[in-house]
Amino acid sequence: MPEAISLRRHLIDELRDLLDAEQQLTRALPKFAEAAATPPLKQAFQKHLKETERHLDRLGQALAALGEAPRAKPCVGMRGLLAEGNQMVGSSPKGALRDAIMISAAQKVEHYEMASYGTARTYATVLGEKAVARLLAQTLKEEKGADQVLTKIAEEGINQEAAEEWHSQQDDSILMRTAEWAGSTAGYASREVSRGLRAAASTLRLPQIRSAKSAAGSRRPSTSIRRRATKKR
């Protein structure tokens with residue numbers, strides 16, 4: 001039965017892929033737990049780390065039941081999901097927003113695992129590998145439970161707190177822009193007042209200069225007076 005042999009080979013490849021994925025998670029979850037600001041989220045990551053260690057043990061049992069060594073195959077999909085999550089977490093300050101981002105990243109991982117474990121369980125069932133199917137079903141149940149816990153934590157406060165953080169930042173930004181506008185307006189008004197005062201002062205000085213010249217001219221003796229003074233000498 002070539003189809004069964006091919007499907008069996010594919011099941012083994014899937015299990016080895018999952019083995020590497022879970023190993024990657026055992027390294028990522030402690031970092032997520034440390035980065036979490038919300039205690040329930042930190043506890044959820046710590047709990048799922050213990051579950052992930054059990055998942056590794058079950059995968060080893062499933063491969064042994066199929067007569068295969070527990071040898072991992074590089075899981076490119078998990079590597080990409082974790083890299084994306086780490087990048088987003090690293091670009092956000094600690095707080096509700098970063099917790100919301102971590103929940104999003106963790107749920108992407110959970111959905112990836114749920115799809116993988118669900119498919120592998122179906123393969124094991126079709127192949128008549130009941131013990132393997134049972135092991136995979138136990139892990140699939142825990143993956144779904146972890147996803148539900150993350151949804152509950154997000155909906156019970158983190159999403160709302162992240163939204164409030166955003167509104168607060170927007171309000172601060174508006175106040176800053178208003179202050180900058182007020183400062184620039186005040187500066188402009190001050191420059192305009194100074195310019196007006198200089199113009200007024202300049203206007204007032206012109207008549208004074210002209211009056212001074214007129215006064216000087218009036219003090220100068222007329223030509224006839226100068227002539228009479230000359231004759232007397």
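The values are calculated or read from the model by the stated rules, or taken from the named source; none is laboratory data. These numbers were taken from a predicted model, which means no experiment stands behind them. In this analysis, Cβ positions are derived from the backbone assuming ideal geometry, glycine residues included, and neighbour counts consider all displayed protein chains. With ligands, DNA and RNA removed, areas are computed over all heavy atoms of the protein, side chains included. Shrake-Rupley method; radii C 1.70, N 1.55, O 1.52, S 1.80 Å.
Look through S92, S104 and report the one residue that is without any contact (Cβ under 8 Å) to a residue 40 or more places away in the chain and open to solvent by less than 40 Å² (accessible area, probe 1.4 Å). Explain how you work it out, then say what you get.
Values: S104 fails: open to solvent by less than 40 Å² (accessible area, probe 1.4 Å).
Just a single option satisfies the conditions, and that option is S92.
Is at least one residue of region 30-38 within 17 Å of L135 (Cβ to Cβ) and open to solvent by 20 Å² or more (accessible area, probe 1.4 Å)? It would help to see each step written out before you state the result.
To start, the set of residues in region 30-38 that are within 17 Å of L135 (Cβ to Cβ) comprises none.
For region 30-38, residues within 17 Å of L135 (Cβ to Cβ) and open to solvent by 20 Å² or more (accessible area, probe 1.4 Å): absent.
Restricting to region 120-140, and then to whatever is β-branched (V, I, T) and loosely packed, with under 15 Cβ neighbours inside 10 Å, can you tell me which residue is farthest from A83 (Cα to Cα)? Reasoning before the result, please.
Pass one, region 120-140, residues β-branched (V, I, T): 122, 125-126, 132, 139.
With the extra rule that they be loosely packed, with under 15 Cβ neighbours inside 10 Å, the set shrinks to 122, 126.
Numbers: T122: 29, V126: 34 Å.
Here the residue is V126.
Residues in region 63-70: is at least one within 21 Å of the chain's Cα centre (by Cα) and more than 20 Å from A37 (Cβ to Cβ)?
no
For L150, all conditions in the list (1) loosely packed, with under 14 Cβ neighbours inside 10 Å; (2) closer than 26 Å to A37 by Cβ; (3) in contact (Cβ under 8 Å) with a residue 24 or more places away in the chain hold save one; what is the number of the exception?
(1)
Take the residues of region 63-75 that are in contact with a helix residue (DSSP H, G or I) (Cβ under 9 Å, 6 or more places away or on another chain) and either assigned to a helix (DSSP H, G or I) or more than 20 Å from Y123 (Cα to Cα) (or both): which is most open to solvent (accessible area, probe 1.4 Å)?
Ranking the qualifying residues of region 63-75, first place goes to P74.
Of all residues in region 52-75, which are touching a Lys or Arg at 6+ places or on another chain (Cβ under 6 Å) and either free of Cβ contacts under 8 Å to residues at least 40 places away in the same chain or within 11 Å of Q138 (Cβ to Cβ) (or both)?
none
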